[in-house]
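Notes follow once the structure below has been shown.
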Amino acid sequence: MPRLPRALTALALLAATLTAGAATAPAATAKAEPKAPPQFVALSDVDPTILHDIRYLTEHNFIGDPIDGYRQPLCILTAPAAQALHQAQQKLRPLGYSLKVYDCYRPQRAVDHFVAWAKDLDDDRMKGEFYPDVDKSRLFEDGYIAERSGHSRGSTLDLTLVKLPATATRPYEPGEPLVPCYAPQAERFPDNSIDMGTGYDCFDTLSHTLDPRIQGEQRANRLLLKETLESVGFVNYEYEWWHFTHKPELFPDTFFDFPVHRRSLSGR
């Protein structure tokens, strides 16, 4: 067998060494996801009767895509906030109502997703339902989008009331015709909640909790939600009838970024 030139032999040895090194090198480890502090719980573990409709896990939201950081249809909250919701639910069920949560703890990466979307003025596919009368270029100025959210601190949530027994609602079909969020309830996307005058996440002044144009049954429904939650320590955000924060907050200055998933909960 003819001998290889010395240069080719050296190259062959180098290639063999690199191949062997690649084969024996340890596999790159994935970056570990942040975990929630032990003061966070899954609401369903505290009160399994409270209904869940976690919109940001789905395409039925003001962006039209599932939102970064949402991995399961789970409501995660600080333990005092979850316990207070349990107390509110105990007040409401004898009256024939249940709470239904749309969003609870929200990772910072989800807020970052909102901000990036708001800066993309060409993407307005969900405008017809969620912000029909608001120019997308004004979402920051008008306060609908911000770079930080109280939801990321763990004691804030979005929710509504459902008349019992709760009826099933059909899933949203991407691309289906959109109806303004302030249209009469029978015309809006079907939601088994009672009529609050607008749908959830409606970017409109009609969503202000005490907007004087909201009267009659719709106003009474908002006040039932507001007064019940206030009786157990929540404070309403006056510009959104669905938005409440439990006070005092356990983490008033910390914005967390662990994913919405049961694996994020310490030891569970």
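The values are calculated or read from the model by the stated rules, or taken from the named source; none is laboratory data. Model, not experiment: these values are computed from the prediction. Ideal geometry is used to build each Cβ from the backbone, glycine not excepted, and the neighbour counts take in all protein chains shown. Keep in mind that these areas ignore ligands, DNA and RNA; they rest on the heavy atoms of the full protein, side chains included. Shrake-Rupley method; radii C 1.70, N 1.55, O 1.52, S 1.80 Å.
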Seminar exercise, completed: Those residues of region 226-258 which are out of contact with any Gly (no Cβ under 7 Å at 6 or more places or on another chain) and outside any loop (DSSP other than H, G, I, E, B) amount to K226, E227, T228, L229, E230, F234, V235, N236, H243, F244
Exercise. Among the residues of region 225-240, is any of a type in the set (D, E) and in contact (Cβ under 8 Å) with a residue 60 or more places away in the chain?
Worked result: yes
Seminar exercise, completed: Pairing a residue in region 123-150 that is of a type in the set (G, A, S) with any residue that is not in a loop (DSSP other than H, G, I, E, B), where Cβ atoms lie under 6 Å and the two sit 6 or more apart in sequence or on different chains, gives S149/V111; G150/T156; G150/T245
Problem set entry | Pick from region 35-64, criterion in a loop (DSSP other than H, G, I, E, B) and open to solvent by 50 Å² or more (accessible area, probe 1.4 Å), ranking: nearest to Q90 (Cα to Cα) | T49
Seminar exercise, completed: In region 147-185, anything aliphatic (A, V, I, L, M), touching a Leu at 6+ places or on another chain (Cβ under 9 Å) and open to solvent by less than 40 Å² (accessible area, probe 1.4 Å) is listed as L157, L159, L161, V162
Problem set entry | Flag if S193 is surrounded by 19 or more Cβ atoms within 10 Å (Cβ to Cβ) and over 17 Å from the mean Cα position of the chain (by Cα) | yes
Exercise. Does at least one position in region 121-142 carry a residue that is farther than 20 Å from Y237 by Cβ, open to solvent by 50 Å² or more (accessible area, probe 1.4 Å), assigned to a helix (DSSP H, G or I) and among the aliphatic types (A, V, I, L, M)?
Worked result: no
